[in-house]
Amino acid sequence: MSDNEKSGDRPAGERPSGERIAKLLARAGVASRREAERMIEAGRVKRNGDLVTTPATIIENLRGVTVDDQPVAKPERTRLFAFHKPQGLITAERDPAGRPTIYNALRNALPKGAPRLMPVGRLDFNTEGLLLLTNDGEFKRQLELPATGVPRTYRARAFGEVSQEQLEALSEGVEIDGMRFGSIEADLERRTGRNQWIILTLTEGKNREVRRVLEYLGLEVSRLIRTAYGPFHIADLPRGAAQEVPREHVERFRSSLKQQGRA
C-alpha cells in the first residue's frame with residue numbers, strides 16, 4: 001500500500017478523511033480492535049491485493065479489504081446478547097488445555113442466524129453469571145474501558161469474618177501487591193454463621209478484581225456471580241441460556257454513553 005493511501009496525500013497538519021483500518025475492522029465484527037491490530041501485524045490483512053502493513057492506515061470504508069484472503073462483509077447493525085455463563089467454561093474461543101469454552105455452550109444457546117460475537121470482558125473459569133456478547137468490536141471496547149465507567153455488579157458468597165465498615169472502606173480504593181484497585185461499592189446482603197453473601201459494584205473490571213479484594217479482607221470466595229453490566233441484568237435468564245437485548249435498549253444505552261463523553 002502506498003504512503004498516499006496511508007496519509008491521504010494531504011498537506012502536513014491536515015487530518016486525512018476516514019478512520020484507522022483496525023477500528024473499521026472492529027466495527028465490522030471481524031475482531032476486537034486489538035485483535036485486528038495483531039492480524040495486521042501478522043500479515044493477514046490486505047487492501048486491493050496489497051498487504052496492509054500498519055494498523056494506523058486510514059481508509060474511508062472496507063471496500064477491497066480482505067482478511068486471510070476473504071472479503072470483509074459489510075458491517076451489520078450493532079447487536080448485543082446476554083448469556084448466563086455457567087461455572088466451568090473458559091471465556092475464549094479455544095483453550096490450550098482443552099477445557100470447554102463459552103462457544104461450546106453458545107452453539108446451542110444462540111438463536112439461529114446470530115452473527116459472530118465477541119465477549120465483553122471476561123468471566124473466570126469458576127465465575128458465573130451475566131456475560132454480554134456483541135458483533136461490534138468498537139462497542140465492545142467502549143463497554144470495557146475503565147474511562148467509560150460502566151458499572152459491573154456481582155454477588156459473592158464468601159467464608160470468613162468481615163464487617164460492613166470494612167466493606168464500605170473499599171469505596172476509597174485499595175492497593176494489593178502493588179496494584180491499585182479503584183472505588184468499589186460493597187454491602188453485606190445476608191450472613192449465616194461465617195458464610196455471607198456480599199454485593200459489589202465496580203467500574204474497572206481488572207483481572208480477578210473481586211476475588212483478590214475479598215481475599216485481601218481475609219475472605220474465601222466460594223461462589224461468584226455477575227448479576228449486571230451497566231443497565232443490563234441477568235434477571236431470570238436460565239443458566240446456559242442466551243437472548244438478544246432489544247435494539248431500542250442498546251441504542252438508548254449507546255446514546256447515554258455518548259452524552260457522558262460530551263459532559
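From (1) open to solvent by less than 20 Å² (accessible area, probe 1.4 Å); (2) touching a residue at least 24 places away in the same chain (Cβ under 8 Å); (3) not β-branched (Val, Ile, Thr), pick out the condition that doesn't hold for Asp124. That leaves (1) as the condition not met.
Please go through the stretch 54-69 and pick out each residue that is in contact (Cβ under 8 Å) with a residue 12 or more places away in the chain, in a loop (DSSP other than H, G, I, E, B) and either on the phi < 0 side of the Ramachandran plot or open to solvent by less than 20 Å² (accessible area, probe 1.4 Å) (or both). Write out each step before concluding.
Of the residues in the stretch 54-69, the ones in contact (Cβ under 8 Å) with a residue 12 or more places away in the chain are 54-62, 64-69.
Applying the additional criterion that residues be in a loop (DSSP other than H, G, I, E, B) yields 54-57, 60-62, 64, 68-69.
Listed by number, the residues that qualify are Thr54, Pro55, Ala56, Thr57, Glu60, Asn61, Leu62.
Does Leu51 satisfy the condition of being surrounded by fewer than 17 Cβ atoms within 10 Å (Cβ to Cβ) and out of contact with any Pro (no Cβ under 7 Å at 6 or more places or on another chain)? Don't jump to the end; show me each part of the working.
On the way: surrounded by fewer than 17 Cβ atoms within 10 Å (Cβ to Cβ): yes; out of contact with any Pro (no Cβ under 7 Å at 6 or more places or on another chain): yes.
In short, yes.
As a summary of the residue check, Gln142 satisfies the conditions (1) open to solvent by less than 10 Å² (accessible area, probe 1.4 Å); (2) at pLDDT below 95 except for the one numbered (1).
Among Arg239, Arg247, which is the only one that is open to solvent by 50 Å² or more (accessible area, probe 1.4 Å), in contact with a Pro (Cβ under 6 Å, 6 or more places away or on another chain), more than 21 Å from Ser183 (Cβ to Cβ) and not polar (S, T, N, Q)? I'd like the intermediate steps shown before the answer.
Details: Arg247 fails: in contact with a Pro (Cβ under 6 Å, 6 or more places away or on another chain).
The match here is Arg239.
Restricting the stretch 90-117 to residues that are among the aliphatic types (A, V, I, L, M) and out of contact with any Ser or Thr (no Cβ under 6 Å at 6 or more places or on another chain) leaves a set whose member that is most open to solvent (accessible area, probe 1.4 Å) is Ala97. Taking Gly113 as the residue in question, decide whether it is at pLDDT below 95 and either under 19 Å from the mean Cα position of the chain (by Cα) or in a helix (DSSP H, G or I) (or both). The answer is no for Gly113.
Residues considered: Gly98, Gly88, Gly43, Gly29. Of these, the only one that is within 24 Å of Glu244 (Cβ to Cβ) and not in a helix (DSSP H, G or I) is Gly29. Yes or no: the stretch 145-156 includes at least one residue that is among the aliphatic types (A, V, I, L, M), surrounded by fewer than 21 Cβ atoms within 10 Å (Cβ to Cβ), at pLDDT below 90 and assigned to a loop (DSSP other than H, G, I, E, B). Yes - at least one qualifying residue is present in the stretch 145-156.
Among the residues examined, Lys46 qualifies as farther than 27 Å from Glu144 by Cβ, buried (at least 16 other Cβ atoms within 10 Å of the Cβ), in contact with a strand residue (DSSP E or B) (Cβ under 9 Å, 6 or more places away or on another chain) and modelled with pLDDT of 85 or more. Residues in the stretch 159-201 that are more than 25 Å from the chain's Cα centre (by Cα), assigned to a strand (DSSP E or B) and loosely packed, with under 11 Cβ neighbours inside 10 Å: Arg190, Thr192. Restricting Phe83, Phe125 to residues that are within 17 Å of the chain's Cα centre (by Cα), in a strand (DSSP E or B) and of a type outside the set (S, T, N, Q) narrows the list to Phe83.
What about Leu214, is it closer than 24 Å to Ala158 by Cα, assigned to a helix (DSSP H, G or I) and either over 20 Å from the mean Cα position of the chain (by Cα) or not acidic (Asp, Glu) (or both)?
Details: closer than 24 Å to Ala158 by Cα: yes; assigned to a helix (DSSP H, G or I): yes; either over 20 Å from the mean Cα position of the chain (by Cα) or not acidic (Asp, Glu) (or both): yes.
In short, yes.
The values are calculated or read from the model by the stated rules, or taken from the named source; none is laboratory data. Just so it is clear, the structure is predicted and the values come from calculations on it, not from any experiment. Virtual Cβ from ideal backbone geometry, glycine too; neighbours counted across all protein chains shown. Each accessible area value is taken on the protein alone, full model and side chains, heavy atoms only, with ligands, DNA and RNA left out. Shrake-Rupley method; radii C 1.70, N 1.55, O 1.52, S 1.80 Å.
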